[in-house]
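The values are calculated or read from the model by the stated rules, or taken from the named source; none is laboratory data. Bear in mind that the values here come from a model prediction, so they are computed numbers and not experimental data. Here Cβ is always computed from backbone atoms with ideal geometry, including for glycine, and neighbour counts include all displayed protein chains.
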Amino acid sequence: MSKLKLQGKELRAIGYPEGPVISIAMNVMQKNYKHHGKEEVMEILQKVLASPVEYTNDAVLALIAKELIKTTESAEALSFGEGLGEVSLNNSGIPFNVFGQEHIEEGAMHQMYTAAKLPIAVAGALMPDAHSGYGLPIGGVLATENAVIPYGVGVDIGCRMCLSIYDIDPKELTQCESYFAREINEATLFGSGAQFDHASDHEVMENELFHQLPLLKNLHGRAWKQLGSSGSGNHFVEFGVVEIVEKDAVLGIDAGLYVALLSHSGSRALGANIANHYTKLAISKRRLPQDAKNLAWLTLDEEEGMEYWLAMNLAGDYASANHHIIHEKIAKQLGRKPIKMVENHHNFAWKEKYEGKDVIVHRKGATPAGKDVLGIIPGSMTAAGFIVKGKGEEASVNSASHGAGRRMSRTRAMESVTDKQFRDEVEKHGIKLIGGGKDESPFAYKDIEVVMKSQKQLVDIVGKFTPKIVKMDGAKHKSWGKKGREEVTGE
């Protein structure tokens, strides 16, 4: 494989500013990612550009991140007073409720306190799986008045869960493990830059916005090639067992054990480009204090705000299509139709009513939990997840957690978890793991049972999902199944 070669003009094309950061980024990537594909490297560089604060402790990418922050701060100091209106935060923010506060890191609390001081803030809440993010914390919920915050939604717009439940005896997952593992492998494609050679057909790609907005027009071809794929990180597709203890009127499934397919992913490069583009526009229109800069908003009365709203909803539809294509492929191979499908976004903004007022509710890593609204809250690659039904609790702005939540960063997980610990934990739970690395190991996550106890007033549990065969991005990782250790060759 040829070594990676980058050019300064390529970094400028994706938004890197003139200055030392370009040569630093080129040197870092060519030294540490020399055997990676250029597309994957450029996507990593885009993520660092969009969220440099998140990478300041990364063992490799910190040099780039710190130089980006330095460059941005210098540019802001030079441009201060050149026509941008400075927006002040309120001295005392709106009150917000915190669920499971004893398990939430100080960084996430600080980010939520900052968001609560925005002059557009109406209501907020912090979920028990919360941890530091960029803009709003992961697990942060914020209702605003006639305004949308691109980084209040997040980079992976429409990241969501989708569960298909089949009337199949769970014993078949063990008896025919190789068959089910093969079907997941053949129906999915993982990786940050992954694209299919032959695109799937779906009506979402015919949306007229792809022809009306220049940004989306330029993203159309790549989005089509990524349709039906999953990203990297914590995204997965897995077979498992659903247990229904008692029939629920809303879920509508009899008590018993069922085979189920669960997927977690979002809007791929389409969502990331939309988020980054409109965040830059928002920052250019509203100057906020440095620690609140990424909470810059667009109003729905201005052209940019309406454009973002339309693009965000398209990205949400695209994310949904990604899941449906995967589930339809596997259903076809199984020769069965699911008896029930449950799905929900957890990186999105919705127009809702709050205390009788029209608001925009941002849920960045939070599950909608309005009255009788069904959702999925996953655990980890070894921990159970839950089918839940919302209670419509206004104290949480009709929201619940979106998962167990990280308790350690990916870098820390890679450094502190040994291969043996990882392998033993997976084997102990009888998981067939295809891909997946120590950065996503069970040790990196909070205890899902503790998280669920912290939000009893927000949701009712109506079903339990236990993973059995798990597929994640893992071309460069090793995976271990019940039958021993095996090398993953990747897609």
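Quick notes
- Here is the figure for the range 411-461: residues that are assigned to a loop (DSSP other than H, G, I, E, B) and touching a residue at least 40 places away in the same chain (Cβ under 8 Å) total 13.
- Checking 396, 380, 441, 454 one by one, the residue that is assigned by TED's automatic domain parsing to the domain that holds residue 170, in contact with a helix residue (DSSP H, G or I) (Cβ under 8 Å, 6 or more places away or on another chain) and over 23 Å from residue 58 (Cβ atoms) is 454 and no other.
- Matching option when the condition is assigned by TED's automatic domain parsing to the domain that holds residue 181, of a type in the set (Phe, Trp, Tyr), at pLDDT 95 or above and in a strand (DSSP E or B), among 318, 308, 258: 258
- Matching residues in the range 102-140 - criterion: being part of a loop (DSSP other than H, G, I, E, B) and crowded, with 24+ Cβ neighbours inside 10 Å: 104, 118, 135
- Long-range neighbours under 9 Å by Cβ, at least six apart or interchain, first residue within 11 Å of residue 138 (Cα to Cα) within the range 149-162, second at pLDDT below 95 and assigned to a loop (DSSP other than H, G, I, E, B): 151/51; 151/135; 152/135; 153/135; 154/135
- Qualifying position, being within 25 Å of residue 290 (Cβ to Cβ) and assigned to a loop (DSSP other than H, G, I, E, B), among 18, 67, 54: 18
Condition check ((1) without any contact (Cβ under 8 Å) to a residue 12 or more places away in the chain; (2) not small (Gly, Ala, Ser)) across all residues:
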residue: 293; (1), (2): yes, yes
residue: 310; (1), (2): no, yes
residue: 315; (1), (2): no, no
residue: 333; (1), (2): no, yes
residue: 340; (1), (2): no, yes
residue: 352; (1), (2): no, yes
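- Only a single criterion out of (1) in a loop (DSSP other than H, G, I, E, B); (2) within 30 Å of residue 45 (Cβ to Cβ); (3) modelled with pLDDT of 95 or more is not satisfied by residue 229, namely (3).
- Where a residue in the range 99-111 is under 19 Å from residue 121 (Cβ atoms) and touching a residue at least 12 places away in the same chain (Cβ under 8 Å) and its partner, wherever it lies, is part of a helix (DSSP H, G or I) and small (Gly, Ala, Ser), with Cβ under 9 Å and at least six apart: 99/395; 99/396
- Total residues in the range 442-491, condition at pLDDT below 95 and in contact with a Leu (Cβ under 7 Å, 6 or more places away or on another chain): 4
- Screening 166, 151 for residues that are assigned by TED's automatic domain parsing to the domain that holds residue 368 and either surrounded by 21 or more Cβ atoms within 10 Å (Cβ to Cβ) or aromatic (Phe, Trp, Tyr) (or both) leaves exactly one candidate, 166.
- Inside the range 193-212, residues that are farther than 23 Å from residue 235 by Cα and crowded, with 18+ Cβ neighbours inside 10 Å make up a count of 1.
- Answer from 47, 3 - the residue that is at pLDDT 85 or above and of a type in the set (Lys, Arg): 47
- Scanning the range 143-197 for residues that are among the charged types (D, E, K, R) and assigned to a loop (DSSP other than H, G, I, E, B) turns up 145, 156, 167, 169, 197.
- For the criterion of being within 28 Å of residue 394 (Cα to Cα) and under 24 Å from the mean Cα position of the chain (by Cα), residue 322 fails.
- Unique match (being of a type in the set (A, V, I, L, M, F, W, C), within 18 Å of residue 155 (Cβ to Cβ) and out of contact with any Gly (no Cβ under 9 Å at 6 or more places or on another chain)) among 219, 227, 209: 219
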